[in-house]
Amino acid sequence: MLSNAHFYHRVIRKMVIVFGNMFNNLKLVRYNQTNTAEIERITVPLSYASKEKFYKRITEDPQYTQEVQIVLPRMAFSMDGLSYDPLRKISSHISNFGVSSEKLNSVKPVPYNFDFNLHLFVRNTEDGTQIIEQILPYFTPDYTVTVDFFGMDKLEMDIPIVFNSINVDDQYEGDKEITRMIVWTLNFTVKGYLFGPVTEIKQIKKVSANIYDATTTTSDLVELSLNNGSGNYKVGELVYQGNSVEESSAKAFVYRWTGANANTLILTSTSGNFKSNSNIIGAVTGTKYNVASYLINANQLVNITIEPSPNTANAWDDYGFTETIEEYPDIT
């Protein structure tokens, strides 16, 4: 019902990979007691797992054959939530555009927040603080990465990763045979997007714009269609409906009169509302016609047409444009 076309962009999977890659190559260096010489360098292992599952994996070694230094330090991360972000909502009519296989495509982004937790398991306080100091300075409080979700040209998006909070749990109490472990937990919000189906769109080859001297509802020009009368109005003449100018229900000045054959009267500076089936009278000439109908008349001044040059250019080509401007004479 939602869509007849199947689509799966693997966006959530890509967001997990993007987040994990940020912490995938952190180094821990250990020094001698005087901190003058490096004695060990470790690349901290990183896995996708929840805190509880990883904690159990570290602490439960049935054979007690693993050295503590081999097990720790470790890092694990997990995506623990996903929520719609109304603050980043944009118009549903707005799409992102990209080029793939020489086709112009569009896709609509929907803002979602991805909630991630990063867990750091260490044995020594110094190990934990050294790793934490390699992470936090990059977040102020966000760090932005550029992600290519679809492999389309010009469709890469900047994704902020916001640092929210940090806490530490030092598990120093318990049986003396239990390995001491310090667990740091860092919480992040990735301000990403989910996407609907990718749609191929047609290219716009011609744009035409008209310029008028007024809009349809606020125009100062009123066009009247007249019948059953006699005489000729003069441009600039005051015309009215009613018993007299002083007692008129509506009045205006003649902007253009097409003559008795066409029976079209265009007025400006109107005051009041002209009514159909009522005479409109010229204050100077005494011309009198019955109003058949009337409408707001917007006077067209200019037409502008823009086309790509050459007109065979595609969206991914370098091209110029030609502009044609046609001006219309004043109807007066």
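The values are calculated or read from the model by the stated rules, or taken from the named source; none is laboratory data. From a predicted model like this one, the values you see are computed outputs, not experimental measurements. All Cβ positions, glycine included, derive from the backbone under ideal geometry; neighbour counts span all protein chains shown. Heads up: the accessible areas ignore ligands, DNA and RNA and are worked out on the full protein's heavy atoms, side chains in. Shrake-Rupley method; radii C 1.70, N 1.55, O 1.52, S 1.80 Å.
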- Working only within the stretch 1-41, note down all residues that are aliphatic (A, V, I, L, M) and surrounded by fewer than 16 Cβ atoms within 10 Å (Cβ to Cβ). Met1, Leu2, Ala5, Ile12, Ile17, Val29, Ala37, Ile39
- Query: Does Pro308 count as more than 17 Å from Glu223 (Cβ to Cβ) and either in contact with a helix residue (DSSP H, G or I) (Cβ under 8 Å, 6 or more places away or on another chain) or modelled with pLDDT under 75 (or both)?
  - Reply: no
- Message: Looking at (1) small (Gly, Ala, Ser); (2) open to solvent by 50 Å² or more (accessible area, probe 1.4 Å); (3) modelled with pLDDT of 85 or more, which one does Gly174 not meet, given that it meets all the others?
- Response: (3)
- Message: I'd like the full set of residues that are under 37 Å from the mean Cα position of the chain (by Cα) and open to solvent by less than 20 Å² (accessible area, probe 1.4 Å), limited to the stretch 118-138.
- Response: Leu118, His119, Leu120, Ile131, Ile132, Ile135
